[in-house]
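This report refers to the structure that appears directly beneath it.
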Protein chains: 2
Amino acid sequence: MNAIAKTVGARVSVLDVGVAHELEQHALLRTAKVRRGTDDLSRGPAMSREVAARAVMAGAGVAEELVESGGVDLLVTGDMGIGNTTPAACLTSTFTGCPPGDTTGRGTGIDDETLKLKVSVVEDALELHAPDPEDPLGVLAVIGGLEHAAIVGVILTSAVYGVPVILDGVVSNSAALVAHALAPRALGYIIAGHRSAEPGARIALDHLGLEPLLDLDMRLGEGTGGLLAVPLVQAAARMLAEMTRLEEIGFG
Amino acid sequence: MNAIAKTVGARVSVLDVGVAHELEQHALLRTAKVRRGTDDLSRGPAMSREVAARAVMAGAGVAEELVESGGVDLLVTGDMGIGNTTPAACLTSTFTGCPPGDTTGRGTGIDDETLKLKVSVVEDALELHAPDPEDPLGVLAVIGGLEHAAIVGVILTSAVYGVPVILDGVVSNSAALVAHALAPRALGYIIAGHRSAEPGARIALDHLGLEPLLDLDMRLGEGTGGLLAVPLVQAAARMLAEMTRLEEIGFG
């Protein structure tokens, strides 16, 4: 992700919103730890509504600071989190109505047996919590992750400031479903950076009506797919801003 | 194209290999005019073998100069030429065996009636010249364009120097078919930048076994689609060169 960020001239900000141990300080690391990891969504709610809201606000806070003070006019989401394609599948099934067998993927590369177990975990979680898509924050609390919540905050903030946000893969796509459910007009600021190889990614983007810029069979997360789309967005903006239109020179 | 080149940090070189009138001088313009346009391929050979070979050498010369003296380590093809999707369709049908009805597209946006005429022009040209794919230079001479020939030279030179070349759209794709027929191993240095909306583009790339990096429904030519792929290639190179592999830090 850092190699790609260097290539496209992007600045990296890492937000610790819920790593389950203390991280060493680092120039790029911001800390807004809401709690040390979530609870197990297969046994009970992943977190309380209040914690979910605080994680959303943590993401929003970073985005706000970047836009307000850093001259940032384009945001890219990304995530690191162990097991976070499971809550992504839960969120995607909840907001799109697609069954867990369709929205659940292999994540970091699990085998067939483990994939079956993962699908059943998602199915059981949806049965246990019966998440109500009309209550997006409630959904995020019971079956979401802290990183999903923080990305929701980044997306909503991009819409508030009118700054476009490029989504990375399946975790960001599922967070976009939550953001869209909370504030449908946020969709106008969302750009799908790429279509992750995770099956839930395509389902989430289709539901939002977003056509991804790239489709390179990538599945790493961390913002890699979103960052690769940055030059495409920059080129499009530059063309709109700098090019003479054919009508202006007497054609068409 | 210039707006995109600025975005991706590429240098633009324009080679006049056969414009049918004299161009004003310009800092970016190189002149290696082989002749003033081609002849009408619907009536006879577009050019002689000798002219085709000189156009190939003109493209090769620019590529060689850029790589030898300019520190260039990545080439991108592009073209401007009126009516040049017709020879592209002729070349693509010749080397892939696909009928003109499949390889011929709307170019700058012709209507149904004109498309029918264009398909019949391609069909008639193939019947008139019976181009032999075993004689790639001969094919280029009878049904190619000067820009197609120059791009063949750029592609072959990239292979000679081991410098990758990113193809733009359908004109470059059809030139790649010629380059591949002349020197199959050149394929190892060719990267398909994007899949043009022109139907022949997909057919040519499939024939070469090249998977395009972008598929954005673009059809402008001029190198626009190839240039947009530059950051993807740079990011890939940087990842290979700079990233620590998981094995190196004790994983996997």
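The values are calculated or read from the model by the stated rules, or taken from the named source; none is laboratory data. It should be emphasised that the depicted structure is a prediction, and the values quoted were computed from it without experimental measurement. With ideal geometry, Cβ positions are generated from the backbone for all residues, glycine too; neighbour counts draw on all protein chains shown. Calculation scope for accessible area: heavy atoms of the full protein, side chains included, ligands and nucleic acids excluded. Shrake-Rupley method; radii C 1.70, N 1.55, O 1.52, S 1.80 Å.
From A:R35, A:R30, A:R43, grab the single residue that is more than 15 Å from A:P136 (Cβ to Cβ), outside any helix (DSSP H, G or I) and touching a strand residue (DSSP E or B) at 6+ places or on another chain (Cβ under 6 Å).
Values: A:R35 fails: touching a strand residue (DSSP E or B) at 6+ places or on another chain (Cβ under 6 Å); A:R43 fails: touching a strand residue (DSSP E or B) at 6+ places or on another chain (Cβ under 6 Å).
Criteria check complete, one pass: A:R30.
Does the range B:42-61 hold any residues that are open to solvent by less than 60 Å² (accessible area, probe 1.4 Å), among the hydrophobic types (A, V, I, L, M, F, W, C) and touching a Gly at 6+ places or on another chain (Cβ under 8 Å), and which are they?
Across the range B:42-61, the qualifying residues are B:A46, B:M47, B:A52, B:A55, B:V56, B:A58, B:A60.
Listed here are the residues, each with its yes/no results for (1) in contact with a helix residue (DSSP H, G or I) (Cβ under 6 Å, 6 or more places away or on another chain); (2) of a type in the set (A, V, I, L, M); (3) farther than 21 Å from A:L232 by Cα.
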site	(1), (2), (3)
A:L146	yes, yes, yes
A:I155	yes, yes, no
A:V163	yes, yes, no
A:S172	yes, no, no
A:L177	yes, yes, yes
A:H180	yes, no, yes
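Quickly run through the range B:1-27 and pick out the residues that are closer than 15 Å to B:L146 by Cα and touching a strand residue (DSSP E or B) at 6+ places or on another chain (Cβ under 8 Å). Please lay out each step first, then the result.
Within the range B:1-27, the subset closer than 15 Å to B:L146 by Cα is B:14-21.
Residues satisfying the conditions are B:V14, B:L15, B:D16.
Scan the range A:86-110 and report the pairs whose first residue is over 15 Å from A:V139 (Cβ atoms) and whose second residue is buried (at least 19 other Cβ atoms within 10 Å of the Cβ) and among the charged types (D, E, K, R), with Cβ atoms within less than 7 Å and a gap of 6+ or a chain change.
Hits for this filter: A:T104/A:K118; A:G105/A:E198; A:I110/A:K118.
I need the full set of residues from the range A:181-198 which are surrounded by 19 or more Cβ atoms within 10 Å (Cβ to Cβ) and in contact (Cβ under 8 Å) with a residue 40 or more places away in the chain, in order please. Lay out the reasoning, then the answer.
Initial filter on the range A:181-198 (surrounded by 19 or more Cβ atoms within 10 Å (Cβ to Cβ)): A:181, A:186, A:189-196, A:198.
Within the range A:181-198, A:A181, A:I191, A:G193, A:E198 qualify.
Find the helices (runs of 4 or more DSSP H) located wholly in the range B:112-181 whose residues include 1 or more that are farther than 21 Å from B:A55 by Cα and of a type in the set (D, E, K, R), and list them. Full working, then the answer.
Details: elements: B:112-129, B:136-143, B:146-161.
Filter on the range B:112-181 gives B:112-129.
Might you let me know whether the range B:1-16 holds any residue that is in contact with a helix residue (DSSP H, G or I) (Cβ under 6 Å, 6 or more places away or on another chain) and either of a type in the set (F, W, Y) or over 27 Å from A:L240 (Cα atoms) (or both)?
Checked the range B:1-16: no residue is in contact with a helix residue (DSSP H, G or I) (Cβ under 6 Å, 6 or more places away or on another chain) and either of a type in the set (F, W, Y) or over 27 Å from A:L240 (Cα atoms) (or both).
Check off (1) modelled with pLDDT of 95 or more; (2) more than 14 Å from chain B (Cβ to nearest Cβ) for A:V76 and give me the number that stays unchecked.
Of (1) modelled with pLDDT of 95 or more; (2) more than 14 Å from chain B (Cβ to nearest Cβ), only one is false for A:V76: (2).
Of everything in the range A:204-226, what is surrounded by fewer than 17 Cβ atoms within 10 Å (Cβ to Cβ) and more than 11 Å from every other protein chain (Cβ to nearest Cβ)? Give them in sequence order.
A:D206, A:G209
Would you check which residues across the range A:241-250 are open to solvent by 80 Å² or more (accessible area, probe 1.4 Å) and either farther than 25 Å from A:V76 by Cβ or touching a residue at least 24 places away in the same chain (Cβ under 8 Å) (or both) and list them?
A:T244, A:R245, A:L246, A:E247, A:E248, A:I249
Within the range B:1-23, which residues are over 22 Å from B:E65 (Cα atoms) and open to solvent by 60 Å² or more (accessible area, probe 1.4 Å)? First the steps, then the outcome.
Residues of the range B:1-23 over 22 Å from B:E65 (Cα atoms): B:3-4, B:7, B:20-22.
Scanning the range B:1-23 gives B:A20, B:H21, B:E22.
Among the residues of the range A:160-180, is any open to solvent by 10 Å² or more (accessible area, probe 1.4 Å), touching a His at 6+ places or on another chain (Cβ under 6 Å), of a type in the set (A, V, I, L, M) and over 16 Å from A:D73 (Cβ atoms)?
no
Please tell me if B:A201 is within 14 Å of chain A (Cβ to nearest Cβ) and surrounded by 19 or more Cβ atoms within 10 Å (Cβ to Cβ). I'd like the intermediate steps shown before the answer.
Working: within 14 Å of chain A (Cβ to nearest Cβ): no; surrounded by 19 or more Cβ atoms within 10 Å (Cβ to Cβ): yes.
Considered against the rule, which asks whether it is within 14 Å of chain A (Cβ to nearest Cβ) and surrounded by 19 or more Cβ atoms within 10 Å (Cβ to Cβ), B:A201 comes out as no.
Between residues in the range A:36-60 that are at positive phi and residues that are among the basic types (K, R) and open to solvent by less than 20 Å² (accessible area, probe 1.4 Å), which pairs lie under 9 Å by C-beta distance while being six or more apart or on different chains?
The qualifying pairs do not exist here.
State whether the residues of the range A:145-159 include one that is without any contact (Cβ under 8 Å) to a residue 60 or more places away in the chain and open to solvent by 10 Å² or more (accessible area, probe 1.4 Å).
We begin by selecting, within the range A:145-159, every residue without any contact (Cβ under 8 Å) to a residue 60 or more places away in the chain; these are A:159.
If we keep only those that are open to solvent by 10 Å² or more (accessible area, probe 1.4 Å) as well, we get A:159.
For the range A:145-159, residues without any contact (Cβ under 8 Å) to a residue 60 or more places away in the chain and open to solvent by 10 Å² or more (accessible area, probe 1.4 Å): present.
Might you check whether a residue that is more than 9 Å from chain A (Cβ to nearest Cβ), touching a strand residue (DSSP E or B) at 6+ places or on another chain (Cβ under 6 Å) and either assigned to a loop (DSSP other than H, G, I, E, B) or crowded, with 22+ Cβ neighbours inside 10 Å (or both) occurs anywhere in the range B:227-240?
Yes, the range B:227-240 contains at least one residue that is more than 9 Å from chain A (Cβ to nearest Cβ), touching a strand residue (DSSP E or B) at 6+ places or on another chain (Cβ under 6 Å) and either assigned to a loop (DSSP other than H, G, I, E, B) or crowded, with 22+ Cβ neighbours inside 10 Å (or both).
If a residue has to be over 24 Å from A:A5 (Cβ atoms) and either assigned to a loop (DSSP other than H, G, I, E, B) or more than 15 Å from the chain's Cα centre (by Cα) (or both) to count, how many in the range B:216-226 make the cut?
The qualifying residues number 7.
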